[in-house]
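> Structure provided below as structure tokens; questions to follow.
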Amino acid sequence: MSASASKNAAFASQAMMDILRAGAKLNGFAIEPSVKAVNQSKVPITSKRALLQAFVDKYGIENILKLGQGVSQLLHTPLSMALLVGSEPQSLLSKWHRLERYVHALHYTESDFSQGQINIKHLSRGEELPSLVEDLAVMSVLCALLSYCGASKITLSGQADSETLLFDFETQTTLCESIQACSSWVIRYEPCARHKQNSLPLFANEDEQALLASWQSKVEQAIIATGFVETTIDKVAMQLCVSARSLQRHLQQENLKFAQLLQQERVKYASKLLMQKQMSLAEIGFLCGFSDQAHFTRIFSQCNGMTPKAYLEMAFTLPV
């Protein structure tokens, strides 16, 4: 992995470790030694493996599956919100895959959906495949995230013997005495019929809605409410209770295009995050919905006349 790609992966690697540590703490476990990203380079995969193996040696491999509970302690983070806002199970996995592509993750997942079931492969771009412990850590986090996206009665099993349940997420119970490595995993769940997506409120009240007379203003608010990752005109139209075709027609009457407004809102949000001086460029690019770092740099430069890096450097020169 190049130095640039390594930097890009830093925020995702650290977020994963933060979730696992939070899950350990919730269950009265301790994860040692502490592993942190150094100089914004990603957490070394050898360090993560050593950390997880030390946990298994002390508490048993079955308890790895409980660590995903740490998601509950980090729901307020920008990355968690980007993954969960407006998501149901299928769109959550789509965002997860997008994140893996964005950071050029060495290990990545592929998923295949059928009714109430997700078949997941945990793969590697290198020669060495993920270990069983790494597989279980990722599956535990995915199960936890799914529980916030309208899924209930979540269970995990191995593809090789998909009828034998390994873990019940709801009761946090390991159901199999021996967990064996397999080429893919099966997460089963029941969708909540009355699930309300994790969307931000579109309007604070009816007066605020009435003030937004233009469709441009309505769309801008709906884009924010839908979240910036994998935002589409269909999702925004659903927020506004109109069809995508009707929304396009309304915007045409104001000489606007949806793609234009989406791009403007992404750049505005990126500018806001850059001014806060708390995140890496890679994390900001992902949170704002850009397809990769080059896309982020190109669009931001077109709109602001400078690169995100230059904008961030300018932000650090401003008085607090």
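> I want to verify the translational diffusion coefficient of the chain in µm²/s; compute it with Stokes-Einstein, Rh as the Kirkwood radius over Cα pairs, at 20 °C and 1.002 mPa s.
D, rounded to a whole number, is 101 µm²/s.
> While we're here: Going through the cross-link list Lys66/Lys95; Lys66/Lys277; Lys153/Lys277; Lys121/Lys268; Lys25/Lys235; Lys58/Lys121, which pairs have a Cα-Cα distance over 31 Å in this structure?
Violating the 31 Å Cα-Cα cut-off are Lys66/Lys277; Lys153/Lys277; Lys121/Lys268; Lys25/Lys235.
> Moving on. Place a point 7 Å from Cα of Gln248 in the direction of its Cβ. Which residues in the stretch 277-299 have their backbone N less than 11 Å from it?
From the stretch 277-299, the list is empty.
> What nm distance separates the two modelled labels at Cys192 and Gln73, each placed 7 Å from Cα along Cα→Cβ?
The modelled label-to-label distance comes out at 2.3 nm.
> Then there is this: Could you rank the peptides 118-130, 256-268 by their average count of other C-beta atoms within 10 Å per residue, with the highest value first?
256-268, 118-130
> Let me ask you something else. Just the accessible area per residue of the chain, please: how many Å² with a 1.4 Å probe?
Dividing the accessible area of the chain by its residue count gives 50 Å².
> Show me the helices of the chain, taken as full DSSP H stretches, that run 18 Å or more along their long axis by Cα and average -1.0 or above in Kyte-Doolittle hydropathy.
10-26, 45-59, 132-147, 258-276
> Label Asn119 and Gln90 with points 7 Å out from Cα along Cα→Cβ: what is the distance between them in nm?
1.7 nm
> Taking Cα pairs under 8 Å and at least six residues apart, what relative contact order does the chain come out at, in percent?
Here the relative contact order equals 15 percent.
> Let's see if you can work this out: charge +1 on each Lys and Arg Cβ, -1 on each Asp and Glu Cβ, no other charges. What is the dipole magnitude of the chain about its Cα centre, in debye to the nearest 20?
900 debye
> Expressed in nm², what is the orientationally averaged projection area of the convex hull enclosing the Cα positions of the stretch 45-95?
4.8 nm²
> Please sort 62-73, 229-240 by packing, taking for each peptide the average over its residues of neighbouring beta carbons within 10 angstrom, highest first.
Listed from highest to lowest mean packing, they are 62-73, 229-240.
> Going Cα to Cα from Lys309, which aspartates and glutamates come in below 17 Å? Please leave out same-chain ones fewer than 8 positions away.
Result set, ordered by chain and number: Glu283, Asp292.
> Set the Förster radius R0 to 41 Å, insert the Cβ-Cβ distance between Cys303 and Leu26 as r into 1/(1 + (r/R0)^6), and round the FRET efficiency to 0.05.
It comes out at approximately 0.45.
> If you don't mind, another one. Any idea how far apart Ala54 and Arg101 come out in nm if each label point goes 7 Å out from Cα toward Cβ?
Label at Ala54, label at Arg101, 3.6 nm between them.
> Leaving ligands, DNA and RNA out of it, report the carbon-plus-sulfur percent of the accessible area of the chain at a 1.4 Å probe.
It is 52 percent, rounded to a whole number.
The values are calculated or read from the model by the stated rules, or taken from the named source; none is laboratory data. Quick caveat: nothing in here was measured; it's all calculated off a predicted structure. Counting neighbours? That spans all protein chains shown, and the Cβs are built from the backbone with ideal geometry, glycine included. In case anyone asks, the SASA skips ligands and DNA or RNA and just uses the protein heavy atoms, side chains included. Shrake-Rupley method; radii C 1.70, N 1.55, O 1.52, S 1.80 Å.
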